[in-house]
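Colleague: Supplied in structure tokens, the structure appears directly below.
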Amino acid sequence: MTLSPLSLPSSDDALSWVEEYAADGLATARRLVDELRAAPPADTPAALRQWDEIGRRLGNVAAVGSLLSNVHPREDVRTRCEQAEVDVDRMATQLRQDRALYDVFAALDASGLDDRAARLLDKVLTDFRRAGVDRDDATRARLAEINERLTALDQEFSRNTRDDVRTVTAPAERFAGLPQDWLEAHPADAAGDVTATTDYPDSVPVRMFAHDADLRHDMSVAFLTRGYPQNEPLLQEMFALRHELATLVGYADWASYDADVKMIGSGPAIPEFIDRIAAAAAEPMERDLAVLMARYRQDRPDATEIPGSDASYYQEAVRREQYDVDAQQVRRYFDFTKVRQGLLEVTGRLFGLSYLPVPDAPVWHEDVTAYDVVETGSTEPFARIYLDLHPREGKYKHAAQFTLTDGVAGRQLPEGVLVCNFSRGLMEHDHVVTLFHEFGHLVHHVLGGRGEWARFAGVATEWDFVEAPSQMLEEWAWDADILASFATDESGTPIPADLVARMRAADDYGKGIYARVQMFYAAMSYWFHTDRPSDLTAAMRELQARYSPFPYVEGTHMFASFGHLGGYTSAYYTYMWSLVIAKDLFSAFDPADLFDPEVAGRYRDRVLAPGGAKDAADLVADFLGRPYSFDAFAAWLAR
Ligand SMILES: [Zn+2]
């Protein structure tokens, strides 16, 4: 049987299409649940099949809801899609707390199941138990109450952070050093003053480029006090409720509950990891700081330390002055159309794929391009991808891979979407790296979408592993030969290898500082949840002194706008954990031949194709032929 991609609606029909798609998906899921309750299949694989089918139906609605609420040009469609997400969420939570359903699965005979089905049964039972299904009525009711309150707290915390926009106003001449286009966009008022907000497009350049140290300091204070004091009690309540939830379902604390379904495995492994990274980064940090200090003393000969509010400015100065990388010169080589073509050629060659344009595929906006994905040499598509890469009003503001459908063999094709916000003309190299990164998620989604179970499709791996394949693919956007194959200037001249070498050196500078700052954040994320300190500012100062290269800026409360305390909770270590794995995976490739078909094929088949059907540690070991290790990361850090 040949599967067809989902047929998306035209803009005019989108609202009724979404209505119908959501209603149909939820109704089918409900009917399958009722059947399962009324007449549970005696045969274990059949029961699992039915449950996975329920998950697939709900997943389809959730995916369309999430994608179109973030990209559809029509507001009524976006709003309807948000509702669809809420409906799926509510139903999924009810199912996981449904004792009768749990009893069906707990009674199943696991003997004779193949590895993947056994794994699925185990995961299904774990989902139920983590939702508290086997607890008494009062406990389950309390868990539901906690979940609802946590959702509300998280929303209020994000809203406070987003809405607390502060400003710094100063005479125009104090903004000297900022780029010309920024200054033109911020003309002085009648009194001769310029106002900058704490939003990124203002606060980042002010802290990075303003020559006036007092201005940098004022902006740092404004930026690092967003959300304070109103967010502190919300965070305290969040940490307390997460702790209560975890203990109600049998864990020692929230971090243990959260880590139990991740690659890191246990709560206490998190501070061990943080300290291990901090130790490995100690010397690189000292080296980076020595360079930074030398530059700082050119301006302040008596200085003994670098204030946090000066860190960004002087790191940028070091990169610009010592590595000779002019961003204006670099971007001449990155024309969007050529970059997109280069991305498809590079990843196609690496993974043995071809992307066939589907110009007549229905899309939600004219900017979107659709491609069928085939194995090189074949004509039979096994996936479809969409690239939606330019900004527009009402569209998602960051860069991410969205699922349209999870691929299941014989049932539905994997379909995924890259949603980014790149310029239509020349791109920053940073954005080229982002494009490769996000494509790493997309290719994982489609290659991992040919398995038997929806539950394990695509990027359904442990959450702290999921960034590793995408972080690794970034390396292909730093290779001089690869870049030269598509990064050419107006006259067709490829980007010079020595320029790429300087770009890499500039990018390398500050790794030690970066790693230690990240470990400061990771420590906050872990210890706030585990210790639940009564004074968050005092606890933060202590952790900053232990891990960060830069001293605390008096009067600030950075934690109050640390958004990841909402989504990542105690697991901010995730980024660095994935990076350790990414460096280890990359160590198997020959830097002189990043396309070696044997290595690339092995990586594709053993790491990406299985999706979540095995533990990530086993996928990595299957590829490397040994357990994952810290060595490649440590060598990179020390380099
Ligand atoms: Zn990512």
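The values are calculated or read from the model by the stated rules, or taken from the named source; none is laboratory data. Bear in mind that the values here come from a model prediction, so they are computed numbers and not experimental data. Don't worry about glycine lacking a Cβ; one is built from the backbone with ideal geometry, like all the others, and counts go over all protein chains shown. Each accessible area value is taken on the protein alone, full model and side chains, heavy atoms only, with ligands, DNA and RNA left out. Shrake-Rupley method; radii C 1.70, N 1.55, O 1.52, S 1.80 Å.
Colleague: For residue 393, only one of the following conditions fails: (1) modelled with pLDDT under 95; (2) within 16 Å of the ligand (Cβ to nearest atom); (3) more than 17 Å from residue 476 (Cβ to Cβ); (4) not aromatic (Phe, Trp, Tyr). What is its number?
Modeller: (2)
Colleague: Something else about it: Has the range 326-344 got at least one residue that is acidic (Asp, Glu), farther than 30 Å from residue 67 by Cβ and open to solvent by 70 Å² or more (accessible area, probe 1.4 Å)?
Modeller: So in the range 326-344, the residues acidic (Asp, Glu) come out as 326, 335.
Going one step further and asking which of them are farther than 30 Å from residue 67 by Cβ, we end up with 326.
Filter once more, keeping what is open to solvent by 70 Å² or more (accessible area, probe 1.4 Å): 326.
There is at least one residue in the range 326-344 that is acidic (Asp, Glu), farther than 30 Å from residue 67 by Cβ and open to solvent by 70 Å² or more (accessible area, probe 1.4 Å).
Colleague: Taking residue 460 as the residue in question, decide whether it is within 16 Å of the ligand (Cβ to nearest atom), open to solvent by 30 Å² or more (accessible area, probe 1.4 Å), among the small types (Gly, Ala, Ser) and in contact (Cβ under 8 Å) with a residue 12 or more places away in the chain.
Modeller: In short, yes.
Colleague: Filter the range 436-457 down to residues that are within 15 Å of the ligand (Cβ to nearest atom), open to solvent by less than 10 Å² (accessible area, probe 1.4 Å) and touching a strand residue (DSSP E or B) at 6+ places or on another chain (Cβ under 7 Å), then give me how many there are.
Modeller: 3
Colleague: Let me ask another. Using the structure shown, decide if residue 467 is away from the ligand (no atom under 12 Å from the Cβ), among the acidic types (Asp, Glu) and closer than 30 Å to residue 257 by Cα.
Modeller: No; evaluated as a whole, the condition is false for this residue.
Colleague: Find the helices (runs of 4 or more DSSP H) located wholly in the range 272-361 whose residues include 1 or more that are within 22 Å of residue 518 (Cβ to Cβ), and list them.
Modeller: On the way: elements: 311-323, 327-331, 336-351.
Filter on the range 272-361 gives 311-323.
Colleague: Could you list, in sequence order, all residues of the range 402-435 that are of a type in the set (Gly, Ala, Ser) and open to solvent by less than 10 Å² (accessible area, probe 1.4 Å)? Steps first, answer last, please.
Modeller: Of the residues in the range 402-435, the ones of a type in the set (Gly, Ala, Ser) are 407, 409-410, 416, 423, 425.
Hits for the range 402-435 are 407, 416.
Colleague: Could you pull out the residue among 38, 63 that is among the hydrophobic types (A, V, I, L, M, F, W, C) and over 18 Å from residue 107 (Cβ atoms)? Explain how you work it out, then say what you get.
Modeller: Numbers: 38 fails: over 18 Å from residue 107 (Cβ atoms).
Only one candidate qualifies: 63.
Colleague: Out of curiosity, is residue 387 more than 15 Å from the ligand (Cβ to nearest atom) and in contact (Cβ under 8 Å) with a residue 40 or more places away in the chain?
Modeller: Working: more than 15 Å from the ligand (Cβ to nearest atom): yes; in contact (Cβ under 8 Å) with a residue 40 or more places away in the chain: yes.
So residue 387 passes the test.
Colleague: How do the helices (runs of 4 or more DSSP H) wholly within the range 557-629 filter down when requiring 3 or more residues that are of a type in the set (A, V, I, L, M, F, W, C): which remain? Step through it out loud before you land on a result.
Modeller: Working: elements: 564-567, 574-586, 597-603, 616-624.
Of the helices (runs of 4 or more DSSP H) lying wholly inside the range 557-629, those with at least 3 residues that are of a type in the set (A, V, I, L, M, F, W, C) span 574-586, 616-624.
Colleague: Which condition breaks for residue 485 when tested against (1) within 16 Å of the ligand (Cβ to nearest atom); (2) under 28 Å from residue 601 (Cβ atoms); (3) of a type in the set (S, T, N, Q)?
Modeller: For residue 485, the exception is condition (1).
Colleague: So residue 491 passes all but one of these: (1) away from the ligand (no atom under 15 Å from the Cβ); (2) in a helix (DSSP H, G or I). Which condition number does it fail?
Modeller: For residue 491, the failing item is (2).
Colleague: Additional query: Does residue 402 meet the test of being among the aromatic types (Phe, Trp, Tyr), over 30 Å from residue 492 (Cβ atoms), within 16 Å of the ligand (Cβ to nearest atom) and modelled with pLDDT of 95 or more? Break it down into steps so the answer makes sense when it comes.
Modeller: Values: among the aromatic types (Phe, Trp, Tyr): yes; over 30 Å from residue 492 (Cβ atoms): yes; within 16 Å of the ligand (Cβ to nearest atom): yes; modelled with pLDDT of 95 or more: yes.
In short, yes.
Colleague: Just give me the residues in the range 153-171 being loosely packed, with under 15 Cβ neighbours inside 10 Å and under 24 Å from the mean Cα position of the chain (by Cα), in sequence order. Reasoning before the result, please.
Modeller: We begin by selecting, within the range 153-171, every residue loosely packed, with under 15 Cβ neighbours inside 10 Å; these are 155, 159, 162-163, 165, 167, 169, 171.
Hits for the range 153-171 are 155, 159, 162, 163.
Colleague: If you don't mind, there's one more thing I want to ask. Identify all residues within the range 174-195 that are aliphatic (A, V, I, L, M), buried (at least 17 other Cβ atoms within 10 Å of the Cβ) and closer than 22 Å to residue 316 by Cα; write none if there are none. Show your work before the answer.
Modeller: Taking the range 174-195 as the starting set, the residues that turn out to be aliphatic (A, V, I, L, M) are 176, 178, 183, 185, 188, 190-191, 194.
Add one more test, that the residue is buried (at least 17 other Cβ atoms within 10 Å of the Cβ), and what stays is 178, 194.
The one that is aliphatic (A, V, I, L, M), buried (at least 17 other Cβ atoms within 10 Å of the Cβ) and closer than 22 Å to residue 316 by Cα: 178.
Colleague: For the range 510-556, what are the residues that are outside any helix (DSSP H, G or I), among the hydroxyl-bearing types (Ser, Thr, Tyr) and open to solvent by less than 10 Å² (accessible area, probe 1.4 Å)?
Modeller: Restricting attention to the range 510-556, the residues satisfying the condition of being outside any helix (DSSP H, G or I) are 510, 532-535, 548-556.
Those left that are additionally among the hydroxyl-bearing types (Ser, Thr, Tyr): 534, 548, 552, 556.
Of everything in the range 510-556, just one residue is outside any helix (DSSP H, G or I), among the hydroxyl-bearing types (Ser, Thr, Tyr) and open to solvent by less than 10 Å² (accessible area, probe 1.4 Å), namely 556.
Colleague: Return yes or no: is residue 44 in contact (Cβ under 8 Å) with a residue 24 or more places away in the chain, touching a Leu at 6+ places or on another chain (Cβ under 9 Å) and among the hydroxyl-bearing types (Ser, Thr, Tyr)? It would help to see each step written out before you state the result.
Modeller: Values: in contact (Cβ under 8 Å) with a residue 24 or more places away in the chain: yes; touching a Leu at 6+ places or on another chain (Cβ under 9 Å): yes; among the hydroxyl-bearing types (Ser, Thr, Tyr): yes.
When the stated conditions are applied, residue 44 passes them.
Colleague: Answer with yes or no whether residue 477 is within 16 Å of the ligand (Cβ to nearest atom), open to solvent by less than 20 Å² (accessible area, probe 1.4 Å) and at pLDDT 95 or above.
Modeller: yes
Colleague: Now for a separate question. Does any residue of the range 412-430 turn out to be more than 27 Å from residue 11 (Cβ to Cβ) and part of a helix (DSSP H, G or I)?
Modeller: Here is the first cut: in the range 412-430, the residues more than 27 Å from residue 11 (Cβ to Cβ) are 426-430.
Then keep just the ones that are part of a helix (DSSP H, G or I); that gives 429-430.
Scanning the range 412-430, I find at least one residue that is more than 27 Å from residue 11 (Cβ to Cβ) and part of a helix (DSSP H, G or I), so the answer is yes.
Colleague: What is the one condition in (1) surrounded by 21 or more Cβ atoms within 10 Å (Cβ to Cβ); (2) within 15 Å of residue 463 (Cβ to Cβ) that residue 615 does not satisfy?
Modeller: The single condition residue 615 does not satisfy is (1).
Colleague: Next up: Scan the range 426-444 for residues that are touching an Asp or Glu at 6+ places or on another chain (Cβ under 8 Å) and modelled with pLDDT of 95 or more and jot them down. Full working, then the answer.
Modeller: As a first pass, look at the range 426-444 and keep what is touching an Asp or Glu at 6+ places or on another chain (Cβ under 8 Å): 426-427, 433, 436-437, 440.
The answer is 433, 436, 437, 440.
Colleague: Ok, one more. Which condition number in (1) closer than 17 Å to residue 446 by Cα; (2) buried (at least 17 other Cβ atoms within 10 Å of the Cβ); (3) charged (D, E, K, R) is the one that residue 395 fails?
Modeller: Evaluating residue 395 over (1) closer than 17 Å to residue 446 by Cα; (2) buried (at least 17 other Cβ atoms within 10 Å of the Cβ); (3) charged (D, E, K, R) leaves (1) as the failure.
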